[in-house]
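Q: I'd like to ask some things about the structure below.
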């Protein structure tokens, strides 16, 4: 049973349904970056080289304050990310707006753990 997107992707790879790199776009389908997609593949391949268990690379774009905010662009404006500051590995993620977040205390024993809201 897949409990996360990562589990689901690992199962698809194990069954040889996915056996190569691909880009999965989430949201309204608008790519809000001038970055070339090749550079995203390069970043992902570097992540794989450094961590063989890496199966996906998340890309977030923070809009500057002058950007015209269309509601479909800011659907995920309440994003909580718990990640390692050095490796950028994501330990927890939520796009729900909550007054409180439950975080395993063991994660804060690790150096370089940061939260971003």
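Q: By per-residue mean of other Cβ atoms within 10 Å, what is the highest-first order of 99-112, 80-93? Let's see the in-between values first.
A: Numbers: 99-112: 8.9, 80-93: 14.6.
Going by the mean number of other Cβ atoms within 10 Å, highest first, we get 80-93, 99-112.
Q: Which length gain, in nm to one decimal place, applies between residue 48 and residue 18 when the Cα-Cα distance is subtracted from 0.36 nm times their residue separation? List each step's numbers first, then the result.
A: On the way: separation 30, 0.36 × 30 = 10.80 nm, distance 1.58 nm.
Value of the extension gain: 9.2 nm.
Here, each number is a calculation from the coordinates, and none is a lab measurement. This one's a predicted model, so the numbers in the text were calculated from it and none came from an experiment. We place every Cβ from the backbone using ideal geometry, glycine too, and count neighbours over all the protein chains shown.
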